[in-house]
Amino acid sequence: MASTFSFDIVSEVDIQEVDNAVNQTKRELDQRYDFRGSNADVTLDKANKKVFIKADGEHFVTAAQEAFHAKCVKRGISILALEDGGIENTGGKTVRLTITMKNGLQKEDAKKITTLIRDSKIKVTSQIQDEQVRVTGKSKDELQEIMNLVRNANLPFPTQFTNFK
């Protein structure tokens with residue numbers, strides 16, 4: 001039996017779920033009457049982890065964005081993981097919106113988590129490792145307390161727990 005237990009706190013987006021949300025949004029835009037003749041389109045760039053929404057008018061783009069956000073929430077993707085860019089003109093009356101998916105914890109975000117854990121006075125150790133935080137403790141109960149603490153912390157970025165040992 002292991003004398004210490006650990007898990008990792010990460011901030012990742014499941015690209016397959018985003019792809020499913022994009023496909024559902026496309027289907028919805030094709031079926032909705034208010035999008036007839038708007039040339040609205042939603043595309044996913046998996047390599048750069050970006051979603052592009054383009055249409056013939058700013059109001060169509062914002063409506064498509066709201067539909068995409070709703071599909072993401074239904075698929076379990078946190079809106080905090082999506083960073084909306086500004087609406088830009090691409091020529092004529094066509095406008096485009098770029099949504100970037102945040103992946104990995106930034107150094108400042110990881111420091112917020114480690115400070116939160118340290119301030120809780122629970123006897124665990126936390127280390128920043130690349131784009132994740134490793135939490136180690138002698139009791140599984142303490143680790144579960146840390147998980148609940150991070151879940152309820154109302155952080156400005158999404159967190160998931162992986163690599164349970």
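Name the residue, out of T115, T100, T162, that is within 23 Å of the chain's Cα centre (by Cα), surrounded by fewer than 16 Cβ atoms within 10 Å (Cβ to Cβ) and closer than 30 Å to R36 by Cβ.
Criteria check complete, one pass: T100.
Being touching a residue at least 60 places away in the same chain (Cβ under 8 Å) and not acidic (D, E) is the filter here, so list the residues in the range 16-64 that pass it. Working first, answer last.
Step one: filter the range 16-64 for residues touching a residue at least 60 places away in the same chain (Cβ under 8 Å), giving 17-18.
Answer for the range 16-64, where residues must be touching a residue at least 60 places away in the same chain (Cβ under 8 Å) and not acidic (D, E): just V18.
How many of the residues in the range 1-15 are over 18 Å from E83 (Cβ atoms) and either within 14 Å of the chain's Cα centre (by Cα) or in contact (Cβ under 8 Å) with a residue 24 or more places away in the chain (or both)? Before the answer, list the steps.
Restricting attention to the range 1-15, the residues satisfying the condition of being over 18 Å from E83 (Cβ atoms) are 1-9.
Imposing the further condition that a residue be either within 14 Å of the chain's Cα centre (by Cα) or in contact (Cβ under 8 Å) with a residue 24 or more places away in the chain (or both) reduces the set to 2-9.
Residues meeting the conditions: 8.
Would you check which residues across the range 107-144 are in contact with a Gly (Cβ under 9 Å, 6 or more places away or on another chain) and at negative phi and list them? Explain how you work it out, then say what you get.
Taking the range 107-144 as the starting set, the residues that turn out to be in contact with a Gly (Cβ under 9 Å, 6 or more places away or on another chain) are 122-125, 130-132, 143.
Scanning the range 107-144 gives I122, K123, V124, T125, E131, Q132, L143.
If the requirement is being in contact with a helix residue (DSSP H, G or I) (Cβ under 7 Å, 6 or more places away or on another chain) and modelled with pLDDT under 85, which of these qualifies: F60, F68, F7?
On the way: F60 fails: modelled with pLDDT under 85; F68 fails: modelled with pLDDT under 85.
Selected residue: F7, the only one of F60, F68, F7 that is in contact with a helix residue (DSSP H, G or I) (Cβ under 7 Å, 6 or more places away or on another chain) and modelled with pLDDT under 85.
For the range 118-131, give me each residue that is surrounded by fewer than 17 Cβ atoms within 10 Å (Cβ to Cβ) and hydroxyl-bearing (S, T, Y).
S120, T125
Return the residues of the range 1-39 that are in contact with an Asp or Glu (Cβ under 8 Å, 6 or more places away or on another chain) and part of a strand (DSSP E or B); say none if nothing qualifies.
V10
The values are calculated or read from the model by the stated rules, or taken from the named source; none is laboratory data. Only a predicted model underlies this, so the values are computations on that prediction, with no experimental measurement involved. Please note: Cβ atoms are built from the backbone with ideal geometry, for glycine as well, and neighbour counts cover all protein chains shown.
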